[in-house]
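**Student:** Before anything else, here's the structure in question.
The values are calculated or read from the model by the stated rules, or taken from the named source; none is laboratory data. Only a predicted model underlies this, so the values are computations on that prediction, with no experimental measurement involved. Heads up, the Cβs are rebuilt from the backbone with ideal geometry, glycines too, and the neighbour counts pull from every protein chain shown.
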């Protein structure tokens with residue numbers, strides 16, 4: 001195994017550990033956070049705060065390095081403007097997230113952990129992503 | 001029931017994960033982006049994605065087995081709603097270039113306005129959806 005594969009494996013494992021410990025694989029905990037006017041559960045705010053405290057601090061130092069440890073360059077998103085696909089996409093994602101309480105990470109962990117909800121949700125999620133790929137490809141062909 | 005301390009600890013581990021990925025191979029730990037690239041990225045760009053997802057799913061699944069507050073396994077939502085939600089999450093995260101991890105954990109960590117706009121939008125859309133489902137009762141005449 002190459003060093004970059006080992007680094008990615010370790011990073012993924014930390015992420016999965018964090019999602020499970022924080023309770024984010026339980027979609028009802030997530031729905032509790034989104035339910036401001038009902039049985040509100042603040043757990044997701046603690047998780048996001050814990051994560052962003054680390055990244056906001058650590059990313060500043062990491063991005064000052066000339067290059068990553070095992071790769072030629074940092075590959076950051078180049079797009080900076082807030083455009084319609086971003087907002088429409090985020091809104092569509094939000095509706096799906098609010099319907100069930102799964103976002104991609106917890107859904108994948110739930111699938112591996114044997115949650116039956118995730119076994120139905122994840123294939124549909126992959127199909128939705130593929131559907132967007134098809135729509136976009138068709139749009140590009142039409143625009144030429 | 002997990003406490004707020006589990007939330008902070010788990011969140012910090014997620015932040016460390018994103019930091020490790022950026023520091024080592026210079027990539028953003030956005031789950032939806034990593035999944036999407038598995039099929040569409042150049043062949044040389046796929047191995048780390050597969051490794052990340054294997055680590056994520058294996059470590060998450062094993063940890064879940066030892067937690068006193070792990071979620072129940074039997075199906076708890078209707079199949080059509082699960083399918084609809086999955087389709088919307090897959091379509092929307094690809095269209096918006098990110099989900100809770102890419103825009104939330106990493107984008108906010110980079111102080112990206114674009115990611116902040118995405119996070120506010122999907123949070124508001126999700127809160128509105130939950131509100132309608134749980135608190136709006138439709139009375140037919």
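**Student:** Against the definition (crowded, with 24+ Cβ neighbours inside 10 Å and facing chain A (nearest Cβ under 7 Å)), how does residue B:17 come out, yes or no? I'd like the intermediate steps shown before the answer.
**Tutor:** Numbers: crowded, with 24+ Cβ neighbours inside 10 Å: yes; facing chain A (nearest Cβ under 7 Å): yes.
Spelling it out, residue B:17 is indeed crowded, with 24+ Cβ neighbours inside 10 Å and facing chain A (nearest Cβ under 7 Å).
**Student:** Also, I was wondering about something else. Run residue B:28 past the list (1) without any contact (Cβ under 8 Å) to a residue 40 or more places away in the chain; (2) under 18 Å from residue A:15 (Cα atoms); (3) crowded, with 16+ Cβ neighbours inside 10 Å and report the number of the one that doesn't hold.
**Tutor:** With (1) without any contact (Cβ under 8 Å) to a residue 40 or more places away in the chain; (2) under 18 Å from residue A:15 (Cα atoms); (3) crowded, with 16+ Cβ neighbours inside 10 Å applied to residue B:28, the lone miss is (1).
**Student:** How many residues does the range B:47-57 hold that are more than 7 Å from chain A (Cβ to nearest Cβ) and within 16 Å of the chain's Cα centre (by Cα)? Working first, answer last.
**Tutor:** Going through the range B:47-57, the residues more than 7 Å from chain A (Cβ to nearest Cβ) turn out to be B:49-50.
After this cut, where a residue has to be within 16 Å of the chain's Cα centre (by Cα) as well, the list is B:49.
Residues in the range B:47-57 being more than 7 Å from chain A (Cβ to nearest Cβ) and within 16 Å of the chain's Cα centre (by Cα): 1 in total.
**Student:** Continuing with the same structure: Might you check whether a residue that is surrounded by fewer than 24 Cβ atoms within 10 Å (Cβ to Cβ), more than 7 Å from every other protein chain (Cβ to nearest Cβ) and without any contact (Cβ under 8 Å) to a residue 60 or more places away in the chain occurs anywhere in the range A:88-107?
**Tutor:** No, that holds for no residue.
**Student:** Only one of these is in a loop (DSSP other than H, G, I, E, B), at the interface with chain B (Cβ under 7 Å from one of its Cβ atoms), within 28 Å of residue B:3 (Cα to Cα) and in contact with a helix residue (DSSP H, G or I) (Cβ under 6 Å, 6 or more places away or on another chain): A:38, A:18, A:12. Name it. Lay out the reasoning, then the answer.
**Tutor:** Values: A:18 fails: in a loop (DSSP other than H, G, I, E, B); A:12 fails: in a loop (DSSP other than H, G, I, E, B).
Result of the check over A:38, A:18, A:12: A:38.
To keep it simple, each residue is scored yes or no on (1) surrounded by 15 or more Cβ atoms within 10 Å (Cβ to Cβ); (2) within 23 Å of residue A:100 (Cβ to Cβ); (3) more than 13 Å from the chain's Cα centre (by Cα).
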site: B:45; (1), (2), (3): no, no, yes
site: B:63; (1), (2), (3): yes, yes, yes
site: B:82; (1), (2), (3): yes, yes, yes
site: B:104; (1), (2), (3): yes, yes, no
site: B:110; (1), (2), (3): yes, no, yes
site: B:119; (1), (2), (3): yes, yes, no
site: B:134; (1), (2), (3): yes, yes, yes
site: B:138; (1), (2), (3): no, yes, yes
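**Student:** Right, next: In the range A:73-144, which helices (runs of 4 or more DSSP H) lie fully inside it and hold 3 or more residues that are at pLDDT below 95? Write out each step before concluding.
**Tutor:** Numbers: elements: A:84-100, A:104-112, A:116-143.
By residue number, A:116-143.
**Student:** Tally time: how many residues in the range B:58-88 are within 27 Å of residue A:95 (Cα to Cα), at the interface with chain A (Cβ under 7 Å from one of its Cβ atoms) and in a helix (DSSP H, G or I)? Walk me through how you get there before you give the answer.
**Tutor:** To start, the set of residues in the range B:58-88 that are within 27 Å of residue A:95 (Cα to Cα) comprises B:60-61, B:64, B:69-88.
So of that shortlist, the ones also at the interface with chain A (Cβ under 7 Å from one of its Cβ atoms) come out as B:60-61, B:64, B:69, B:71, B:73-77, B:79, B:81-88.
With the extra rule that they be in a helix (DSSP H, G or I), the set shrinks to B:60-61, B:64, B:79, B:81-88.
Count: 12.
**Student:** Only one of A:118, A:112, A:45, A:51 is more than 7 Å from chain B (Cβ to nearest Cβ), surrounded by 21 or more Cβ atoms within 10 Å (Cβ to Cβ) and under 26 Å from residue B:6 (Cα atoms). Can you tell me which?
**Tutor:** Values: A:112 fails: more than 7 Å from chain B (Cβ to nearest Cβ); A:45 fails: surrounded by 21 or more Cβ atoms within 10 Å (Cβ to Cβ); A:51 fails: more than 7 Å from chain B (Cβ to nearest Cβ).
Unique residue meeting the criteria: A:118.
**Student:** Right, next: Which of the residues belonging to the range B:93-110 are facing chain A (nearest Cβ under 7 Å) and either within 17 Å of residue A:63 (Cα to Cα) or in contact with a strand residue (DSSP E or B) (Cβ under 8 Å, 6 or more places away or on another chain) (or both)?
**Tutor:** Of the range B:93-110, the ones facing chain A (nearest Cβ under 7 Å) are B:93-97, B:99-101, B:104-106, B:108-110.
Once the filter is applied, which keeps residues that are facing chain A (nearest Cβ under 7 Å) and either within 17 Å of residue A:63 (Cα to Cα) or in contact with a strand residue (DSSP E or B) (Cβ under 8 Å, 6 or more places away or on another chain) (or both), the range B:93-110 yields B:105, B:106, B:108, B:109, B:110.
**Student:** Any idea which of B:44, B:32 is modelled with pLDDT under 95, within 26 Å of residue A:134 (Cβ to Cβ) and not in a loop (DSSP other than H, G, I, E, B)? Give the derivation first.
**Tutor:** Details: B:32 fails: modelled with pLDDT under 95.
Sole residue among the options that is modelled with pLDDT under 95, within 26 Å of residue A:134 (Cβ to Cβ) and not in a loop (DSSP other than H, G, I, E, B): B:44.
**Student:** Do we find that residue A:69 is over 19 Å from residue B:13 (Cα atoms), more than 7 Å from chain B (Cβ to nearest Cβ), in a loop (DSSP other than H, G, I, E, B) and modelled with pLDDT of 95 or more in this structure?
**Tutor:** The answer is no for residue A:69.
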